[in-house]
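One structure below.
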Amino acid sequence: QVQLVESGGGLVQAGDSLRVSCAASGRTSRMYAMGWFRQAPGKEREFVADITWSGGYTRYSDSLKGRFTISRDNGKNTVYLQMNTLKPEDTAVYYCAAADKIVGLTRATAYDYWGQGTQVTVSS
């Protein structure tokens, strides 16, 4: 089992930056990749970014590339999502997830473990 705990969400203004974190515990040695997803009210869960746990390979949603950066600190078993130039449409609950497989990592169904989510609200 892997446990994931997100933190760092909050209320910010448009144009601000925010970093959310995801601390992993448990059988983290089995994880291949970590991903960030977000879900706004009334919308489906949306892929944001993912990163391989060992090699640091990263991938982003095309619509968010350039504003968001995913990174990891293996020593702390923590993955980060740095969000810059935030917009009101970035308002959502942000979830981190862990996968022990290599395929389909832009889809939520590929992930085995999920955190509880952290709310990010961007005011205009």
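The values are calculated or read from the model by the stated rules, or taken from the named source; none is laboratory data. Worth saying up front: this structure is predicted, and the values here are computed from it rather than measured. Glycine gets a Cβ as well: all are built from the backbone with ideal geometry, and neighbour counts include every protein chain shown. All accessible areas refer to the heavy atoms of the entire protein, side chains included, with ligands and DNA or RNA removed. Shrake-Rupley method; radii C 1.70, N 1.55, O 1.52, S 1.80 Å.
Yes/no per residue for (1) in contact (Cβ under 8 Å) with a residue 60 or more places away in the chain; (2) open to solvent by less than 60 Å² (accessible area, probe 1.4 Å):
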| site | (1), (2) |
| --- | --- |
| Lys43 | no, no |
| Phe47 | yes, yes |
| Ile51 | no, yes |
| Ser63 | no, no |
| Thr69 | no, no |
| Thr78 | no, yes |
| Lys87 | yes, no |
| Arg107 | yes, no |
| Val120 | yes, yes |
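Applying the set (1) closer than 24 Å to Gln1 by Cα; (2) in a loop (DSSP other than H, G, I, E, B) to Leu86 leaves exactly one unmet item: (1). For the residues Ile51, Ile70, Ile102, the requirement of being closer than 11 Å to Met34 by Cα and part of a loop (DSSP other than H, G, I, E, B) singles out Ile102. When region 27-41 is filtered for residues that are buried (at least 19 other Cβ atoms within 10 Å of the Cβ) and assigned to a strand (DSSP E or B), the ones remaining, listed by number, are Ala33, Met34, Gly35, Trp36, Phe37, Arg38.
Quick grid of which residues meet (1) among the basic types (Lys, Arg); (2) farther than 18 Å from Cys22 by Cα; (3) touching a Phe, Trp or Tyr at 6+ places or on another chain (Cβ under 8 Å):
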{"residue": "Ser63", "(1), (2), (3)": "no, yes, no"}
{"residue": "Asn74", "(1), (2), (3)": "no, no, yes"}
{"residue": "Glu89", "(1), (2), (3)": "no, yes, no"}
{"residue": "Ala98", "(1), (2), (3)": "no, no, yes"}
{"residue": "Ile102", "(1), (2), (3)": "no, yes, yes"}
